[in-house]
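Q: So that we are looking at the same thing, I have put the structure below in structure tokens.
The values are calculated or read from the model by the stated rules, or taken from the named source; none is laboratory data. Everything numeric in this text was worked out from a predicted model, so none of it was measured. All Cβ positions, glycine included, derive from the backbone under ideal geometry; neighbour counts span all protein chains shown.
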Amino acid sequence: MTTASTVHASAVMAGDTGILIRGPSGSGKSRLAFDLILAGRAGQIPKTVLVGDDRVLLSAAGGTVTVRPAAELEGLIEIRGLGIRRSDFVAQAEVRLVVDLEARDSARMPEQEALAALIEGIKIPRIAVGTGYAALPLVAAALLTRPL
């Protein structure tokens, strides 16, 4: 992919890790993005900043996937109960983790193939979060621990 494609997702950058958050409307993408920003401010995970909310642009080149905010939504995030708010943001991040909310293939002990997303032929670590499960602890664990 040399041109950017628009996807319905949110994204943040935790330290140097770009996190792409996907899921159906109402699944909590914006909520998780903001929760990660708060966890970063509290020192629970690396400092975290918004990349984009609601719609982001993905491009792949050189074996990496880059995420950028949609121009008209730069620095904006929806906070349920407050509406659209301004936030600090970064212009782009390398996607190093994909979080799929309300994932049908979520499991207590996921199969190896469920632990990766394929975006334009590029394999990226993935967390499948089931409906009704809290995503924040899973993402924090992925950021703070290593697989066996």
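Q: Residue 62 fails exactly one of the following numbered conditions: (1) touching a residue at least 40 places away in the same chain (Cβ under 8 Å); (2) under 20 Å from residue 120 (Cα atoms). What is the number of that condition?
A: Just one mismatch for residue 62, condition (1).
Q: Moving on. Can you give me the number of residues within the range 5-29 that are free of Cβ contacts under 8 Å to residues at least 60 places away in the same chain and surrounded by fewer than 19 Cβ atoms within 10 Å (Cβ to Cβ)?
A: So the count comes out to 5.
Q: Here's a follow-up. Name the single residue that is nearest to residue 33 (Cα to Cα) among those in the range 99-121 being of a type in the set (Gly, Ala, Ser) and within 16 Å of the chain's Cα centre (by Cα).
A: 103
One line per residue, one yes/no per condition, for (1) under 21 Å from residue 139 (Cα atoms); (2) among the β-branched types (Val, Ile, Thr):
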residue	(1), (2)
46	yes, no
50	yes, no
53	yes, no
66	yes, yes
72	no, no
76	no, no
79	yes, yes
93	yes, no
96	yes, no
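Q: Related question: Can you say whether residue 103 is in contact with a strand residue (DSSP E or B) (Cβ under 9 Å, 6 or more places away or on another chain), of a type in the set (A, V, I, L, M, F, W, C), crowded, with 16+ Cβ neighbours inside 10 Å and farther than 23 Å from residue 44 by Cβ, as far as the supplied structure shows?
A: Spelling it out, residue 103 is indeed in contact with a strand residue (DSSP E or B) (Cβ under 9 Å, 6 or more places away or on another chain), of a type in the set (A, V, I, L, M, F, W, C), crowded, with 16+ Cβ neighbours inside 10 Å and farther than 23 Å from residue 44 by Cβ.
Q: If we keep just the residues of the range 72-87 that are among the small types (Gly, Ala, Ser) and under 21 Å from residue 19 (Cβ atoms), which is surrounded by the fewest Cβ atoms within 10 Å (Cβ to Cβ)?
A: For the range 72-87, the residue satisfying everything is 75.
Q: While we're looking at this one, here's another question. So in the range 122-148, with the set limited to residues that are over 18 Å from residue 16 (Cα atoms) and in a loop (DSSP other than H, G, I, E, B), which one is farthest from the chain's Cα centre (by Cα)?
A: Ranking the candidates gives 148 first.
Q: When the residues of the range 40-57 are filtered to those that are touching a Leu at 6+ places or on another chain (Cβ under 9 Å) and either under 19 Å from residue 100 (Cα atoms) or modelled with pLDDT under 95 (or both), which remaining residue is surrounded by the fewest Cβ atoms within 10 Å (Cβ to Cβ)?
A: Only one residue tops the list, namely 55.
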